[in-house]
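Single-structure report; data block below.
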């Protein structure tokens, strides 16, 4: 078959196929599409095999690619939010339980060390933070302040909510992304956050502001600290995939690890949004007495633990 | 042929060729997106300052978060792999198997854009692209995605491009490579200057009929190869 004859014989069918594609693009049904697609694939093979002109082959290739995307790309299953957050997310976390334990140690170790150091030595805080930063934090956790626990500009709970979401989710994303550098970026961000939290807690405790500080952080901390640690888990999963890919290439190991931690990324982002609501409206509230905050905060920790430990149990195989 | 093509083998047994976009096209798309975002930031900033006064900065943190982290994800998933910048440049993101990109892949590649952007000048991303056969930055490696040229408009049938020439059979049998080179010449002839056409056609000296301009002669053979019947 010569190219001109071939083109003439098939022109109508190709036009029909393109019309079907346009229908699919517009979200309408296109009866007979799979069959037409397979016929077009044959035409493409034939055109290549006969070494017909590049313009024809390119055109058929473009049509086949569009068809391929409709046939194979479109019907990925929709995951409900409840299924994602209540089942898939906790399962994904439990799959990384050992790594999560290590991350907890990496996070809590420096935190406690810095807490102890700054409790013992009131000047230790200045070896980590500048005097201006220390003053800002002291001001933030001044129990008499109106803008309790937040930067001075965020006077309103709702404004504070947006600030916390924007800031904290970005930090968790950075913690994850840092994992691609063999985990170094992730560890660095976790370390610096642990040191900051430890120093701050120790310093404020030494100042006699332990109750306002801990009653402030305990509630949203259940979600916020867990979420940052989970972002650390997902980042380290990337780093470990590159460091010890096992029987696969580093690229394949990286892709597999990345797909594995996606539910954790969704889940930890959701936890940070919850934390931001609590932080803006509950933790920062003066109306709630400290004992209530401690009691509710403790329950929230139990709740988060139960969520991650029990969510989606029994369906792991599915 | 030297080309930046990535082949996808489909279940139908046909090999689809994806034309992979290189660092320059993608950098331009990135810059366009950057300027769009900057304009949006300015507008929001002005609105917030007039609306909220000194508390605007806390809301800007949220706006920056949306712009820097989620803008590319939303556009890539909802606008068929294209941010506005990519649309203007004519490139799009697809999965490495040629299918449309969805939330998990887009989220992964764009969260890792933060790592590609380091140290400040997208140096890691560029190094990763140059080190991989199909220009993948770190985020593309992790998400298993590619950035390809989008053939937005179906091209005209090649027949429309071939200058009309009376078909002439070649003086001897051609191999299929030779035939396809001559067909390609016929398709591209309209885009070349007459001098360049003759220069290129002259390379196929044994095929040129004596006393005829090289390009005219070769185009007649191309017309024959496409399927025209020789005229006496």
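Things to note:
- Candidates B:18, B:66, B:203, ranked by Gaussian network fluctuation over chain B, Cα under 10 Å, top entry: B:203
- Rel. contact order, % - alpha carbon contacts under 8 angstrom, at least six apart, chain A: 23
- Rel. contact order, % - alpha carbon contacts under 8 angstrom, at least six apart, segment A:11-65: 30
- Centroid-to-centroid separation of segment A:242-298 and segment B:2-53 [C-alpha atoms, Å]: 28
- Each 10 Å bin from zero holds the following percent of Cα-Cα pairs in segment A:85-144: 19, 29, 23, 23, 7.
- Gaussian network model of chain A, springs between alpha carbon atoms under 10 Å - residue of A:12, A:138, A:96 with greatest fluctuation: A:12
- Cα-based convex hull volume of segment B:3-102 per residue, rounded to whole Å³: 97
- Here, segment A:1-91 is characterised by an Rg to Rh ratio of 1.20, where Rg is the alpha-carbon radius of gyration and Rh the Kirkwood radius.
- Relative compactness, chain A, computed as alpha-carbon Rg over 2.2 N^0.38 Å: 1.42
- Chain B: most fluctuating residue of B:90, B:51, B:139 per GNM, C-alpha cutoff 10 Å: B:51
- Of the residues A:226, A:249, A:136, the one with the fewest other Cβ atoms within 10 Å heads the list, and the complete ranking is A:249, A:136, A:226.
- Taking the fewest neighbouring Cβ atoms within 10 Å as the starting point, the ordered list for A:220, A:16 is A:16, A:220.
- The mean number of partner chain beta-carbon atoms within 10 angstrom of a residue's beta-carbon across peptide B:5-18 is 5.
- Cα gyration tensor shape of segment B:164-232, rounded if a/c is under 1.5, else prolate or oblate by comparing a/b with b/c: rounded
- Sequence of A:293, A:2, B:86 once ranked by neighbouring C-beta atoms within 10 Å, starting from the fewest: A:2, A:293, B:86
- Compactness of segment A:201-279, expressed as Rg and Dmax over alpha-carbon positions, Å: 17.6, 55
- Per residue convex hull volume, Cα atoms of the protein assembly as shown, in Å³: 192
- For q = 0.10, 0.19, 0.20 Å⁻¹, Debye-computed log10 I/I(0) when each Cα of segment A:162-318 counts as one equal scatterer: -0.43, -1.19, -1.26
- Here the contact order of segment B:4-159, divided by its residue count and restricted to Cα pairs under 8 Å and six or more residues apart, works out to 25 percent.
- A convex hull fitted to the Cα coordinates of chain B yields 178 cubic angstrom per residue.
- Alpha-carbon centroid distance for the pair segment A:163-223 / segment A:21-53, whole angstrom: 54
- Residue-averaged [θ]222 nm for the protein assembly as shown, counting only DSSP H segments that reach four residues, each worth -39500 (n - 2.57): -20500 deg cm²/dmol
Values quoted throughout were computed directly from the atomic coordinates according to the rules given, and no laboratory measurement underlies them. Computed from a predicted model, the values in this text were never measured in an experiment. All Cβ positions, even for glycine, are placed from backbone atoms using ideal geometry, and neighbour counts span all protein chains on display.
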